[in-house]
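Student: Can you keep this structure in mind? I'll have questions shortly.
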Amino acid sequence: MNIRVVHSSFEISLIDTSFTRIEENNWYKEDLLSKYTYPIVMELPDDLLVKLKHIGQRGATGYLTIFDVIFILGDREHEAVMEIKKVKGRTIDFELRYGFEEFPNFNLKLSQLPLLKEELVGESIYEHAEDRVDLTYPVVDYNFPRIFNDEINTEDEQWAFFEGSMNLYQGGSFVVNEYDLATDTQKNYNIMQPLPHLLYVLKKGFEMGGFELKGDVLEDSRFQNAFLYRFSEYYGSITDSGSQEMVVKTDEFIAPYDGPFKRYQETIIIEDPGRYLVNGNLFLRALGTPFAPFAYAEIRLNGVRLWLWRSWESEKYYFVDGTFEVPVGESNMELTFNSINLNYGIQGGAVIEDATILDITVSQLVAFDINGDAIPRLIAPNVIDLTKCVPDVTFGDLVEFVRTLSNYRGTVDGTDVYLNKISDKVGQGEIFDGRFSEEEFPEITLNKGKSFELVYDNPSNEDFDYGGLLIDNTGVATKPYVTNRDTKQIRIPGVYLPNETRSGDRTALDIVNDKSRIQVVLYSGLIGGKNLTFEPMEYEIQKIFDDNYSTWLLFQIDANTYKWIFRSDSEQIKNLTTESNFFAYGKYHVVKKLSITKVGRFTMETEIETDSIE
């Protein structure tokens with residue numbers, strides 16, 4: 001059996017090495033990693049020691065400990081990560097983690113995805129929104145539903161005229177902020193902010209990794225009209241004074257520093273006194289080891305440091321979100337970005353020579369008069385930037401929200417990623433005849449005592465309860481109920497915004513006030529001539545259970561869990577996976593976990609754990 005680890009600069013054969021690999025069925029798991037090995041110990045031959053830059057040897061520098069590799073098992077190839085965990089002399093302990101190809105880019109923030117960003121030319125944001133307000137996905141990828149918002153302090157002079165809603169639409173048009181010449185007053189009635197469609201963002205994340213999203217998720221009515229919400233300070237602060245961009249790429253260095261590290265600098269001029277918002281993305285890239293040079297970045301105002309970041313990781317992402325002030329009496333101050341960074345990025349194992357280091361927007365929140373008092377400014381955005389409108393979570397967090405909400409699991413077929421319901425797949429895998437593996441007395445665990453709790457990851461809000469369900473062999477109970485220490489909690493990592501009625505209009509209310517939580521509203525165009533969200537009944541916890549969890553959870557309670565160990569030739573189990581419909585002991589089984597240890601050149605010892613289909 002061919003067993004190798006292949007990297008662009010080295011190759012390791014494991015045909016004569018004893019090790020254990022684990023494959024867990026992600027139907028039963030909440031995290032994304034489902035395949036890995038226990039530590040593999042090997043002594044480095046001379047050629048490999050050189051290629052790993054003499055790691056572990058006295059005086060060694062510049063070596064890496066984490067590598068993107070291909071793990072070859074027989075006729076199957078897996079994208080994997082190899083991590084060296086320990087080293088003593090020429091002996092290394094390393095682990096392989098694979099299965100990542102099922103969820104590409106899951107560590108990227110949503111704001112790092114290639115979402116739409118464009119400046120509006122020849123039209124205002126009000127006119128732009130009116131052209132699409134009665135449309136929905138997939139005709140449009142974002143829209144402007146009305147959201148009640150209580151975060152704005154109307155005692156602040158800037159917001160004295162605010163009418164309590166984002167995307168306020170009345171009489172067939174969006175309410176326009178205006179300047180009252182007679183009273184010299186800025187009247188900010190409304191905040192215009194686009195909301196990106198959930199499936200648009202989800203598909204963009206997979207596309208960035210070279211995959212196309214397919215499966216049940218694209219036809220799920222629960223997501224057809226789902227838009228992501230996050231109150232964006234960016235859209236609540238863009239004034240008629242405009243904004244400035246600071247963008248730095250890895251190929252735009254100003255001077256060398258140390259090997260692949262380069263110096264970077266970018267400066268803009270802040271002309272007027274006032275308070276300013278800095279908002280956007282920063283990437284620091286180093287060699288991935290604390291013993292090598294680290295990357296750093298700073299932002300200074302007229303030479304005075306405002307912020308500093310350091311990292312030795314191969315890539316570290318920071319969401320920049322802060323304010324600074326230019327005091328009265330000052331003008332034309334220099335805002336300068338300085339950095340030492342690698343002059344390349346790596347994505348999917350490929351070197352990116354023009355990778356982003358900095359991409360931020362600097363916007364004036366308020367101006368100061370000669371006495372240092374804030375002057376209200378007219379809120380007037382002229383750009384669509386969906387990266388500023390997504391929650392501060394990772395792409396993996398969004399996948400997990402979608403996966404948990406509808407009880408999906410992911411599979412990969414070439415460059416296609418499928419998210420399909422578990423309940424439709426039980427007993428549907430390729431049949432594997434495992435009768436040869438049977439032992440006389442397998443360990444059998446009876447599961448009638450199992451219980452599950454299905455809940456939302458609740459925000460702290462006294463006015464709204466998202467509810468919860470307790471599922472056991474007696475049935476389904478709503479709150480209040482009592483769980484036990486073994487109750488498995490299924491927690492949906494996000495929420496929907498409930499609708500509320502105000503002044504005769506019923507639409508979503510922002511009750512969460514948490515930028516790092518996934519929030520969903522439902523919108524499908526105008527309702528009675530108004531841009532109102534519709535009732536999120538499909539997101540209620542009982543409906544989620546009935547549609548997506550009842551069959552799966554009751555199966556686990558009714559099933560018996562089998563566990564046994566057997567030895568075999570490697571060829572006998574080459575097609576055995578956690579997706580197999582395994583037949584043994586006179587019935588079919590769902591494979592929960594495989595622990596396969598190479599005990600001889602062609603001999604494997606397998607510990608298998610299954611749930612029987614009764």
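Student: So how tilted is helix 395-406 from the main axis of the chain? Cα-based, degrees 0 to 90, rounded to 10.
Tutor: Tilt relative to the chain: about 70 degrees.
Student: Another question, if that's okay. To the nearest 0.05, what FRET efficiency results for THR501 and ASP272 with a Förster distance of 35 Å applied to their C-beta separation?
Tutor: 0.25
Student: Would you mind calculating the relative contact order of the chain from Cα pairs under 8 angstrom and at least 6 residues apart, reporting the percent as a whole number?
Tutor: 16
Student: Sort all Cα-Cα distances of the chain into consecutive 20 angstrom bins from zero, then give the percent of pairs in each bin up to the one containing the longest distance.
Tutor: With a bin width of 20 Å, the distribution comes to 17, 43, 32, 8, 0.
Student: Straight distance only, please: which lysines reach the Cα of LYS117 with their own Cα at less than 28 Å, same-chain residues fewer than 8 apart left out?
Tutor: Counting by Cα, and skipping residues close in sequence, LYS117 has these lysines nearby: LYS109, LYS187, LYS203, LYS204, LYS214, LYS249, LYS316, LYS388, LYS515, LYS530.
Student: If you take every DSSP beta bridge whose two residues both sit in the chain, what share of them, in percent to the nearest 5, is antiparallel?
Tutor: If we restrict to bridges inside the chain, about 90 percent are antiparallel.
Student: Leaving ligands, DNA and RNA out of it, work out the accessible area of LEU135 with a 1.4 Å probe and give it in Å² to the nearest 10.
Tutor: Counting only protein heavy atoms, LEU135 exposes about 70 Å² to solvent.
Student: Run through every distinct alpha carbon pair of segment 404-533 and return the Kirkwood hydrodynamic radius in angstroms, one decimal place.
Tutor: Result for segment 404-533 stands at 19.4 Å.
Student: Run the numbers on segment 294-343 and let me know its relative contact order in percent, using alpha-carbon pairs under 8 Å that are six or more apart.
Tutor: Value for segment 294-343: 52 percent.
Student: ³J(HN,Hα) across segment 219-229 via Karplus (A = 6.51, B = -1.76, C = 1.60, θ = phi - 60°), whole Hz, x for Gly/Pro?
Tutor: Ordered by residue, 3J(HN,Hα) equals 10, 6, 4, 5, 10, 4, 10, 8, 10, 7, 10 Hz.
Student: How high is the FRET efficiency between ARG601 and THR183 when r is their beta carbon distance and R₀ equals 60 Å, given to the nearest 0.05?
Tutor: 0.10
Student: Distance in nm between label sites at ARG132 and THR91, each 7 Å beyond Cα in the beta-carbon direction?
Tutor: 6.1
Student: Taking only Cα atoms of segment 346-456, what ratio of Rg to Rh do you get with Rh as the Kirkwood inverse-distance radius?
Tutor: My calculation puts Rg/Rh at 1.23.
Student: Same structure, new question: For GLU353, what accessible surface area do you get with a 1.4 Å probe? Give it in Å², rounded to 10.
Tutor: 130
Student: Still on this model: Farthest toward the dipole's positive end in segment 61-165, which of TRP159, THR61, HIS78, given Cβ charges of +1 (Lys, Arg) and -1 (Asp, Glu) about the Cα centre?
Tutor: THR61
Student: So how far apart, in nm, are the two label points at ILE370 and LEU526 if each is 7 Å from Cα heading toward Cβ?
Tutor: Placing both labels 7 Å beyond Cα along the Cβ direction yields 4.9 nm.
Student: Can you give me the relative contact order of segment 159-275 as a percent, contacts being Cα pairs under 8 Å and 6 or more apart?
Tutor: 17
Student: Relative to the longest principal axis of the chain, what angle (0 to 90°, nearest 10) does the C-alpha long axis of helix 198-208 take?
Tutor: 60
Student: Which of the lysines could a cross-linker bridge to LYS450, judged by Cα under 24 Å and excluding same-chain residues fewer than eight apart?
Tutor: LYS29, LYS421, LYS425, LYS479, LYS488, LYS543, LYS563, LYS587, LYS592, LYS593
Student: Taking every pair of alpha-carbon atoms in segment 90-201, what share in percent sits in each 5 Å bin, from 0 to the bin with the longest distance?
Tutor: 2, 9, 14, 15, 15, 13, 9, 6, 4, 3, 3, 3, 2, 1, 1, 0, 0
Student: Considering the zone a paramagnetic label at VAL328 would reach in this model (a point 7 Å from Cα along the Cα-to-Cβ line), which residues of segment 251-291 have amide N under 15 Å from it?
Tutor: Residues 273-275 qualify, since their backbone N sits under 15 Å from the label point.
The values are calculated or read from the model by the stated rules, or taken from the named source; none is laboratory data. As the structure is a prediction and not an experimental result, all values here were calculated from the model. Glycine also receives a Cβ, built like all others from the backbone with ideal geometry; neighbour counts cover every protein chain displayed. Areas reflect the complete protein model, heavy atoms only, side chains present, ligands, DNA and RNA absent. Shrake-Rupley method; radii C 1.70, N 1.55, O 1.52, S 1.80 Å.
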